[in-house]
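Novice: Just passing along the structure, written as structure tokens.
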């Protein structure tokens, strides 16, 4: 069961590449690895919590009013995450900006609550939130790495916002950022990078079929 | 009857969930608010000190400010705070925030420190949305261009020098991105004009 869910979340039903839900933050935030990672972790947190809060009350939720109830839960959880990130790391909060509150409108969170947590017991729902979130985070990190390397010539830029100023040395400068390929850092670059990832994934899937 | 039951159940559940989240949110808010406020003022203090590098002052700068009404020179739409650095009650520097509305993409927020002789101590870009890799060299994280303003003043610097080289001025610029520096230069110059016109505001 867990193995299936792991496979679903990370590959077969990957939120970022197969379900293509939550594209707004996926495309907008991933200018570097740090942003992608931080938004991914925030989303995992919200997905796990919303799944395990909805699952135990799934029999009480009337069919007609389920969406407002789900959104109420998700919005409350996101606000808690928003306040916590603001308190933990202000530079990161500034970098992610509007995209933390926007996790509320991220379809993937509502989709998992609706499609999974409202029909399954609490433990599988927990794993669903965890693995779907992890799958999305992985995509955000890879996208961030691609765009950061090509667009800015660095890796792990701003990571010290997350873990403290002592870790500034973690930023890797691959080449002078003046020679970066600007397109990668701009919104069109996000679309191109995402479509290359989807292409790559489909290629692997087709190869396996043969 | 069963229809009412569903309605009551729904309303009850939503109210209960609303209550639970209202309580947990208020607990989180109570605990995070002081930290958020402290982060905010630490961040501001760090920024101010970066610009005031080398200025000798000893007042609590975050509590020493005046409100400046929205005006045409600074382009602020809401009253903005101007911080005043003093040494033993003597004015040492004034930090004025201005907005350059005519950047390439959106407004550019600038903080300029001016000393008692109306000379610029330093300028910094606080926030901007200029194109990364093109117009963003005004940001000190990307280049030292902004340091060009150091020691400039309206009295010492000729009018024509408040321009980029392309417009027969003295400011360096990056080919393909002249709109951005023009906007910043104009705004910093206006900030100095504002300071000169309103000296009395800062003298108490």
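All of the numbers you see were taken from the coordinates with simple rules; none came from a lab. What you see is a predicted model; the values in this text were computed from it and never measured. Note that each Cβ is placed from the backbone with ideal geometry, even for glycine, and that neighbours are counted across all protein chains shown.
Novice: Counting only other chains, what is the mean number of Cβ atoms within 10 angstrom of the Cβ of each residue in peptide B:21-34?
Specialist: Values: counts 8, 1, 0, 4, 6, 0, 1, 8, 4, 0, 3, 8, 3, 1.
Per residue, the number of nearby Cβ atoms from other chains is 3 on average.
Novice: Which of B:57, B:33, B:158 ends up with the largest GNM mean-square fluctuation for chain B, with Cα atoms connected below 10 Å?
Specialist: Maximum fluctuation in the GNM of chain B, among the listed residues, is at B:33.
Novice: By count of other Cβ within 10 Å, fewest leading, how are A:112, B:163, B:199 ordered? Don't skip to the answer; put the middle values down first.
Specialist: Details: A:112 26, B:163 18, B:199 12.
Going from least to most buried by this count: B:199, B:163, A:112.
Novice: With 10 angstrom as the radius, rank B:49, A:128, A:82 by how many other C-beta atoms surround their C-beta, starting from the fewest. Let's see the in-between values first.
Specialist: Working: B:49 13, A:128 25, A:82 21.
In order of increasing Cβ crowding within 10 Å: B:49, A:82, A:128.
Novice: Would you mind giving the mean number of other chain beta-carbons within 10 Å of the Cβ of each residue in A:81-93, as a whole number?
Specialist: Values: counts 1, 2, 8, 5, 1, 6, 11, 4, 1, 7, 2, 0, 2.
That average works out to 4.
Novice: To continue, here is another question. Distances longer than 22 Å among the Cα atoms of region A:1-125: what percent of all pairs is that? Provide the component values of the computation, followed by the final result.
Specialist: Details: 2773 of 7750 pairs.
The calculated P(r) of region A:1-125 puts 36 percent of pairs beyond 22 Å.
Novice: For region B:1-51, go through all pairs of different Cα atoms, get the mean of 1/r, take its inverse, and jot down that Kirkwood value in Å.
Specialist: On the way: mean 1/r = 0.0700 Å⁻¹.
Across region B:1-51, the inverse of the average 1/r is 14.3 Å.
Novice: How long is the gain from residue B:2 to residue B:47 if the chain were fully straight, where each residue apart is worth 0.36 nm and the alpha carbon distance is subtracted? Could the numbers behind the result be given before it?
Specialist: Values: separation 45, 0.36 × 45 = 16.20 nm, distance 6.29 nm.
Between residue B:2 and residue B:47, full extension yields 9.9 nm more.
Novice: In whole angstrom, how long is each semi-axis of the equivalent ellipsoid of region A:110-152, when you take the square root of 5 times every eigenvalue of its Cα gyration tensor and sort them from largest down?
Specialist: Details: eigenvalues 193, 17, 4 Å².
Over the Cα atoms of region A:110-152, the ellipsoid semi-axes are 31, 9, 4 Å.
Novice: Moving to a separate point now. Pairing the Cα long axis of helix A:66-88 with the longest principal axis of chain A, what angle in degrees results, from 0 to 90 and rounded to the nearest 10?
Specialist: For helix A:66-88, the angle is close to 40 degrees.
Novice: Given the options A:71, A:100, A:172, which has the most mean-square fluctuation in a GNM of chain A, springs set between C-alpha atoms less than 10 angstrom apart?
Specialist: A:172
Novice: Using the alpha-carbon atoms, what tilt in degrees (0 to 90, nearest 10) does helix A:187-209 show relative to the longest principal axis of chain A?
Specialist: Approximately 70 degrees, to the nearest 10.
Novice: P(r) tail for chain A, what percent of Cα pairs lie past 24 Å? Present the calculation step by step, with values, prior to reporting the outcome.
Specialist: Working: 9813 of 21945 pairs.
The calculated P(r) of chain A puts 45 percent of pairs beyond 24 Å.
Novice: Right, another one. Would you compute, for the Cα atoms of region B:39-97, the largest minus smallest coordinate along each principal axis and list the three values in descending order, in whole Å?
Specialist: Its Cα atoms span 31, 28, 18 Å along the three principal axes.
Novice: Enter the angle in degrees (range 0 to 90, nearest 10) between the Cα long axis of helix B:179-197 and the first principal axis of the Cα atoms of chain B, meaning the one along which they spread out most.
Specialist: So the inclination is approximately 80 degrees.
Novice: Arranged by the count of other C-beta atoms within 10 angstrom, fewest first, what order do B:97, B:67 take?
Specialist: B:67, B:97
Novice: Taking chain A as a Gaussian network, where each spring joins two C-alpha atoms under 10 Å apart, which residue of A:175, A:131, A:70 fluctuates the most?
Specialist: A:175
Novice: Over chain B, what is the relative contact order in percent, taking alpha-carbon pairs closer than 8 angstrom and at least six residues apart?
Specialist: Once normalised by length, the contact order is 15 percent.
Novice: Using the Cα gyration tensor of chain B, with a ≥ b ≥ c the square roots of its eigenvalues, what is the shape: rounded (a/c below 1.5), prolate (a/b larger than b/c) or oblate (neither)? Let's see the in-between values first.
Specialist: On the way: a/c = 2.92, a/b = 1.86, b/c = 1.57.
Prolate, since a/c reaches 1.5 and a/b exceeds b/c.
Novice: How big is the protein assembly as shown by the Kirkwood estimate over distinct Cα pairs, in Å? Mind dumping the intermediate values first?
Specialist: Values: mean 1/r = 0.0408 Å⁻¹.
Radius from the Kirkwood sum: 24.5 Å.
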